[in-house]
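The values are calculated or read from the model by the stated rules, or taken from the named source; none is laboratory data. These numbers come from a predicted model, not from an experiment. Glycine gets a Cβ as well: all are built from the backbone with ideal geometry, and neighbour counts include every protein chain shown.
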Amino acid sequence: MYREGHLTLGLYFAIESYAGAIPEMDVARQISTAQIAERYGFSAVYFRDVPLNVPSFGDVGHIYDPWVFMGYVAAQTTRIALATGSIVSTLRHPLHLAKAAASVDRLSGQRLVLGLATGDRPTEFSAFNASLEKRQELFQEALAVMRRVWSEESPRISTSRVELSVADLLPKPLLGTIPVMVTGHSRQSLEWIASHADGWLYYPQDVVQQAVMIQKWRSLTHGFKPFSQSLYVDLSPDPEEAPTPIHLGFRSGHRFLIHYLQTLREIGVNHVGLNLKYGRRPAHEVVQELGEFVVPHFTGNYPEA
């Protein structure tokens, strides 16, 4: 999924176009499209954590619990990375998070890339009786607890949500840890993210602004820590169609899309997760076209099948 100086592509579930907040989510079709993506060399599929349907937010993601759905997808794919974009760590107990993530890591063959976020919808915090004001501290706590229970045998941990002693969490990740991407700023300083995360998952913005952001990120990281971003795309059937803006992305033919992604690679973006929500064509058709004409320019590190 990540290699310094390279860019790879992923897809967000639901892999379909839909109006309004709720996708159709025909699961058989979702799996079939994900398998097409894997065959063509997409490096990741993304799972979102949207606990409740909050009408004012306008998007429920893929409807299903991310861990349950991830297990289902993992069982029917073999190589593609399973990325979360992102798990709301403030609304889930750190030990539950750690166990779920370690379980996916072991059962999928180390394919999990764990994107974490604080969450930002007050309605959900009220529903879970969680503190919106303490998101920063809860986020830091969750990551620190997970790192310790993944890597240590029977650690003693005392935090606001955890009192662990004379017990251990199983399974452990095979490599003793799991790659963690912080989403946005998650109410943290960039210095904190650079120090504590394995990479940064950000939002699409003007290329010049993104380049400045990446330069600052690189100045704070020691060794290679990847930079990822999302992008909404409505792929035209006309490969030559020029771009027109849509929410958090654009509509264009695949020629412009290739050029745009090459520009992102030049400024230091290492991975782009594509979201097809605002598309006008069937998703499986779009994924196949992307696989044939776009993905070959942005290949991952798959071993030979």
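Look at residue 182 and say whether it is closer than 18 Å to residue 271 by Cα, touching a residue at least 60 places away in the same chain (Cβ under 8 Å), touching a His at 6+ places or on another chain (Cβ under 8 Å) and among the β-branched types (Val, Ile, Thr). It is true that residue 182 is closer than 18 Å to residue 271 by Cα, touching a residue at least 60 places away in the same chain (Cβ under 8 Å), touching a His at 6+ places or on another chain (Cβ under 8 Å) and among the β-branched types (Val, Ile, Thr). Taking the range 16-34 as the range and being closer than 19 Å to residue 112 by Cβ and either crowded, with 18+ Cβ neighbours inside 10 Å or over 19 Å from the mean Cα position of the chain (by Cα) (or both) as the test, the residues that pass are 30, 34. Look at the range 102-131: where a residue is part of a helix (DSSP H, G or I) and a partner is basic (Lys, Arg) and surrounded by 15 or more Cβ atoms within 10 Å (Cβ to Cβ), sitting 6+ places away or on another chain with Cβ atoms under 8 Å, you get 102/172; 104/111; 105/111.
Only one entry of 180, 162, 149 meets the criterion of being hydrophobic (A, V, I, L, M, F, W, C) and either at positive phi or out of contact with any Leu (no Cβ under 6 Å at 6 or more places or on another chain) (or both), and that entry is 162. Taking the range 98-128 as the range and being surrounded by fewer than 19 Cβ atoms within 10 Å (Cβ to Cβ) and acidic (Asp, Glu) as the test, only 120 passes.
Scanning the range 193-206 for residues that are in contact (Cβ under 8 Å) with a residue 40 or more places away in the chain and surrounded by fewer than 17 Cβ atoms within 10 Å (Cβ to Cβ) turns up 196, 203.
For the range 31-71, the set of residues classified as touching a residue at least 40 places away in the same chain (Cβ under 8 Å), part of a loop (DSSP other than H, G, I, E, B) and not β-branched (Val, Ile, Thr) consists of 41, 42, 43, 49, 51, 52, 56, 57, 59, 61, 62, listed by residue number. One residue stands out among those in the range 69-97 that are of a type in the set (Ser, Thr, Tyr) and closer than 25 Å to residue 133 by Cβ: the one that is surrounded by the most Cβ atoms within 10 Å (Cβ to Cβ), which is 89. Per the listing 113, 54, 73, the residue uniquely touching a helix residue (DSSP H, G or I) at 6+ places or on another chain (Cβ under 9 Å) and at pLDDT 95 or above is 73. Restricting the first member to the range 132-145 and to residues that are of a type in the set (S, T, N, Q), and the second to residues that are part of a helix (DSSP H, G or I), the beta-carbon pairs closer than 9 Å and six or more apart or on different chains are 140/192; 140/196. Does any residue of the range 269-292 turn out to be free of Cβ contacts under 8 Å to residues at least 60 places away in the same chain and of a type in the set (Lys, Arg)? The answer is no; no qualifying residue exists.
In summary, residue 212 fulfils each of the numbered conditions (1) touching a Leu at 6+ places or on another chain (Cβ under 9 Å); (2) within 30 Å of residue 196 (Cα to Cα) with the single exception of condition (1).
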